[in-house]
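**Q** Attaching a single structure in structure tokens format; questions to follow.
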Amino acid sequence: MQLLDGRATSAEIKEELRLAVLKRKEEGKKIPHLAAILVGNDGGSMTYVNAKVKACDAIGFESSLIRYDDTVTEEVLMNKIESLNNDAQVDGFIVQLPLPDHIDEMKVTQAIDPKKDVDGFHPVNLGNMVLNLPGFLPATPAGIIELIKRNEVETEGKSCVVIGRSNIVGTPLSIMLGRNKSPGNCTVTLTHSRTKNLKEITSEADIIIAAIGRPEFLTAEMVKSGAVVIDVGTTRVEDATKKNGWALKGDVKFSEVADKCSYITPVPGGVGPMTIASLMINTLRALDLQGK
Ligand code: NAP
């Protein structure tokens with residue numbers, strides 16, 4: 001079994017981006033600036049946003065963190081998005097999800113200028129992704145593709161089962177892996193909570209991607225020997241042995257699945273760091289798209 005080390009691969013990408021920023025500096029070009037809007041005090045969201053800001057610092061990007069209380073009105077948030085859309089200093093920005101119930105996430109997502117939508121969630125960018133046109137790829141699927149590519153995992157002609165059909169992970173990933181390119185050319189099965197006989201389907205797969213948010217859902221009996229297993233899930237579960245009282249668990253029962261795999265991602269340290277690396281790649285690309 002070979003570990004697909006997202007931390008190591010993302011460090012490699014971040015170093016490339018750091019050099020690209022230095023080059024831009026030498027050429028007198030603008031330094032990329034990523035802004036992040038964080039609403040409320042959810043521990044997971046704060047951790048993700050802080051990791052994104054830290055990655056910006058390491059690469060040499062400028063960053064701004066804009067925080068609101070979870071009582072913020074939709075109007076205030078929409079006005080902020082409008083001002084970021086028009087701020088020439090900010091090249092790309094994200095609104096960390098989830099948002100409180102009184103705020104319409106789809107409305108917020110659609111308010112972001114697609115040229116600054118470095119999360120790749122805007123319908124224009126998702127549409128471009130489906131049609132294989134230039135735009136921003138959603139960060140997590142793009143990170144998984146990059147992880148596969150840089151670790152030379154063969155996908156050509158393989159059967160791939162994606163578990164989970166969210167708009168930001170499972171659905172776009174199933175399209176990207178089925179595309180006629182490398183990595184790609186998989187025969188993809190997209191599964192979800194209504195799928196019957198999931199175990200029979202996953203046990204036939206060469207590649208399994210679990211993106212459901214159910215800790216340790218994928219067990220050894222669901223995986224064939226030699227499969228590639230990518231674990232997207234990140235759920236906080238109580239763990240008294242940890243200083244903060246919780247541990248991050250993936251959707252894969254790593255302790256029993258790892259021995260059967262050819263490749264597997266750990267949680268943490270697999271897909272998470274690759275998502276952040278993709279966001280950074282998108283932020284640098286934003287400058288090209290905006291002609292800066
Ligand atoms: P989501 O919107 O939470 O949706 C979950 C998906 O899983 C749905 O499509 C659901 O099916 C499916 N599902 C739930 N139970 C299932 C079951 N028993 N069998 C088969 N399918 C089942 O998904 P998401 O936003 O993609 O998040 C999934 C996980 O990935 C979460 O743990 C999230 O925290 C994590 N995540 C991690 C990263 C990262 O960077 N590491 C990024 C994004 C998300 P239905 O459609 O039928 O309801």
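What follows is calculated from the coordinates using simple rules that are stated; it is not laboratory data. All values reported here derive from a predicted model rather than from experimental measurement. No Cβ is skipped: glycine too gets one built from the backbone with ideal geometry, and neighbour counts run over all protein chains shown.
**Q** So, in region 63-87, of the ones that are farther than 12 Å from ASP113 by Cα and of a type in the set (Gly, Ala, Ser), which residue ends up surrounded by the fewest Cβ atoms within 10 Å (Cβ to Cβ)?
**A** So, considering only residues that are farther than 12 Å from ASP113 by Cα and of a type in the set (Gly, Ala, Ser), the one surrounded by the fewest Cβ atoms within 10 Å (Cβ to Cβ) is SER64.
**Q** Filter region 266-284 down to residues that are in a loop (DSSP other than H, G, I, E, B) and near the ligand (Cβ under 9 Å from one of its atoms) and give me whichever is surrounded by the most Cβ atoms within 10 Å (Cβ to Cβ).
**A** Among residues in region 266-284 that are in a loop (DSSP other than H, G, I, E, B) and near the ligand (Cβ under 9 Å from one of its atoms), the one surrounded by the most Cβ atoms within 10 Å (Cβ to Cβ) is GLY270.
**Q** Going by what's in this entry, would VAL90 be described as more than 22 Å from VAL169 (Cα to Cα) and either in a helix (DSSP H, G or I) or not hydroxyl-bearing (Ser, Thr, Tyr) (or both)?
**A** yes
**Q** Another one. Listed residues VAL76, VAL90; which is more than 25 Å from VAL271 (Cβ to Cβ), β-branched (Val, Ile, Thr) and in contact with a His (Cβ under 9 Å, 6 or more places away or on another chain)?
**A** The match here is VAL90.
**Q** When you check ASN41 against the structure, is it in contact (Cβ under 8 Å) with a residue 24 or more places away in the chain and polar (S, T, N, Q), yes or no?
**A** In short, yes.
**Q** Do you know which of the residues in region 161-189 that are more than 9 Å from the ligand (Cβ to nearest atom) and in a loop (DSSP other than H, G, I, E, B) is nearest to LYS199 (Cα to Cα)?
**A** CYS186
**Q** Inspect all residues belonging to region 58-67 and state whether any of them is in contact (Cβ under 8 Å) with a residue 40 or more places away in the chain and in a helix (DSSP H, G or I). If you could, list the steps in order and put the result at the bottom.
**A** Just the residues of region 58-67 that are in contact (Cβ under 8 Å) with a residue 40 or more places away in the chain, to begin with: 58-61.
Then keep just the ones that are in a helix (DSSP H, G or I); that gives 58-59.
For region 58-67, residues in contact (Cβ under 8 Å) with a residue 40 or more places away in the chain and in a helix (DSSP H, G or I): present.
**Q** Looking only at region 200-211, which residues are part of a loop (DSSP other than H, G, I, E, B) and within 15 Å of the ligand (Cβ to nearest atom)?
**A** SER203, ALA205, ALA211, listed by residue number.
**Q** Being in contact (Cβ under 8 Å) with a residue 40 or more places away in the chain and surrounded by fewer than 17 Cβ atoms within 10 Å (Cβ to Cβ) is the filter here; which residues of region 227-245 pass it? So that I can check it myself, show each step before the final result.
**A** Within region 227-245, the first condition is being in contact (Cβ under 8 Å) with a residue 40 or more places away in the chain, and the residues that meet it are 228, 230-232, 234, 236.
Across region 227-245, the qualifying residue is only ARG236.
Results for (1) in a loop (DSSP other than H, G, I, E, B); (2) surrounded by 17 or more Cβ atoms within 10 Å (Cβ to Cβ); (3) within 14 Å of the ligand (Cβ to nearest atom), shown as yes or no for each residue.
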site: GLY213; (1), (2), (3): yes, no, yes
site: GLU221; (1), (2), (3): no, no, no
site: SER225; (1), (2), (3): yes, no, no
site: SER255; (1), (2), (3): no, no, no
